Amino acid sequence: MQCNGKTVLLPVPRTLQEFLLEQQYDCQAVAVERNGEIVVRAEYESTQLTDVDCLEIVRFVGGG
Amino acid sequence: MQVAVNGKIKDLGKGVMPAAEELENMMMARHTPTVHQKLKQGRVAIAGLGGLGSNIAVMLARIGVGQLLLVDFDIVEPSNLNRQSYYIRHLGMPKTLALKEQLAEINPFIRVETQTIRVDAENVVKLFGGYSILCEAFDKPEVKAMLVSTALANLPHITVVAASGMAGFSSSNRITTTRPMKRLYMCGDLATAAEPGMGLLAPRVQICAGHQANMILRLLVGQAEC
């Protein structure tokens, strides 16, 4: 799978939510694009990742 | 005070607003007519009027962006004055109205609309559906993420210029503009969160606001590269 331009191995099937937690992301503070389409927060748990997926994960930190 | 307008010397009173046409001619001379027209037709929504949003609104008003929508639920507090574009006389006022008042003193010939409301996933489409450029200028990471995700997922014609990472006083040069998604530009160092011991200070916040305002300007004149 591609994630932020890098190849990531997916040894076992994972949902997007599981992958984000594993990669230490705060699921409430990211925007995620999967194969060019935005995935909204409510769909992280039901989105099953496959090894042909291409993810772009943008992390937001506080301050403005 | 004397100024040159279209090659003629004109007398302007001190502190007196020139007529709309006079100001427009001066701005056109400064910006070139093509750029001026594009900016005049520009419409930009700004979500969050803190250190980023208030300074971005002031910059966009100065360059004559024709219509601005200012959205924030909050009032001006003393702690805001360290980086946000407000004055003592605005303390206790809604940020929307305090900012609208300033913009009217900078450029009274642009349209400024305000919504004093808390943005949530339910009202994003209604608030920003009429705009093609949305500036994300919130403070809390989860609200930033909610706005960006909801707007990109539900408003296929919108481009978002967002910010992440501008606290503290580490090098200015770490703040950049990137384009991680086709319709998302990110300004900031993408890492430095505001937290105890790492406050938000005017210079770095305004550098980030400048990145956002310049990216919006570039989009308005048709430059999509960051």
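Readers should treat all values here as calculations from the given coordinates under stated rules, not as data from a laboratory. For clarity, every value in this text was computed on a predicted model and none was experimentally measured. Quick reminder, even Gly has a Cβ in these numbers, built from the backbone with ideal geometry, and neighbours come from all protein chains shown.
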Return the residue satisfying two criteria in turn: it lies in the range A:14-25 and is within 13 Å of chain B (Cβ to nearest Cβ) and closer than 21 Å to B:G165 by Cβ, and of such residues it is surrounded by the fewest Cβ atoms within 10 Å (Cβ to Cβ).
-> A:Y25
Among B:E113, B:E77, B:E101, the single one that is closer than 23 Å to B:Q41 by Cβ and among the acidic types (D, E) is B:E113
With criteria (1) away from every other protein chain (no Cβ under 14 Å); (2) of a type outside the set (K, R); (3) without any contact (Cβ under 8 Å) to a residue 40 or more places away in the chain, B:V58 comes up short on (3)
Every residue from the range B:19-39 that is without any contact (Cβ under 8 Å) to a residue 60 or more places away in the chain and either within 30 Å of B:V76 (Cα to Cα) or in contact with a strand residue (DSSP E or B) (Cβ under 7 Å, 6 or more places away or on another chain) (or both) | B:E22, B:N25, B:M26
Residues within the range B:121-145 that are among the aromatic types (F, W, Y) and within 11 Å of chain A (Cβ to nearest Cβ), tallied | 1
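The rows are residues; the columns are (1) of a type outside the set (S, T, N, Q); (2) touching a Gly at 6+ places or on another chain (Cβ under 8 Å).
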position	(1), (2)
B:P108	yes, no
B:T114	no, no
B:D120	yes, no
B:V124	yes, no
B:F138	yes, yes
B:E142	yes, no
B:A163	yes, yes
In the set B:T159, B:T176, B:T150, the lone residue that is closer than 28 Å to A:N35 by Cβ, surrounded by fewer than 16 Cβ atoms within 10 Å (Cβ to Cβ) and either touching a residue at least 24 places away in the same chain (Cβ under 8 Å) or more than 16 Å from the chain's Cα centre (by Cα) (or both) is B:T176
Tell me, please, whether a residue that is in contact (Cβ under 8 Å) with a residue 12 or more places away in the chain, in contact with a Gly (Cβ under 8 Å, 6 or more places away or on another chain), more than 14 Å from chain A (Cβ to nearest Cβ) and surrounded by 15 or more Cβ atoms within 10 Å (Cβ to Cβ) can be found in the range B:79-94.
-> no
Out of (1) facing chain B (nearest Cβ under 8 Å); (2) touching a strand residue (DSSP E or B) at 6+ places or on another chain (Cβ under 9 Å); (3) under 30 Å from B:Q84 (Cα atoms), what's the single condition that is false for A:Q28?
-> (2)
Find all pairs meeting these conditions: Cβ atoms under 9 angstrom apart; at least six residues apart or on different chains; first residue within the range A:31-59 and within 10 Å of another protein chain (Cβ to nearest Cβ) and surrounded by fewer than 16 Cβ atoms within 10 Å (Cβ to Cβ); second residue in a loop (DSSP other than H, G, I, E, B) and not hydrophobic (A, V, I, L, M, F, W, C).
-> A:G36/B:K182
Filter result (within 14 Å of another protein chain (Cβ to nearest Cβ), touching a Cys at 6+ places or on another chain (Cβ under 9 Å) and of a type outside the set (G, A, S)) within the range B:41-54 | B:I46, B:L52
Strands (runs of 3 or more DSSP E) lying entirely in the range B:146-225 (those with 2 or more residues that are away from chain A (no Cβ under 12 Å)) | B:159-163, B:176-181
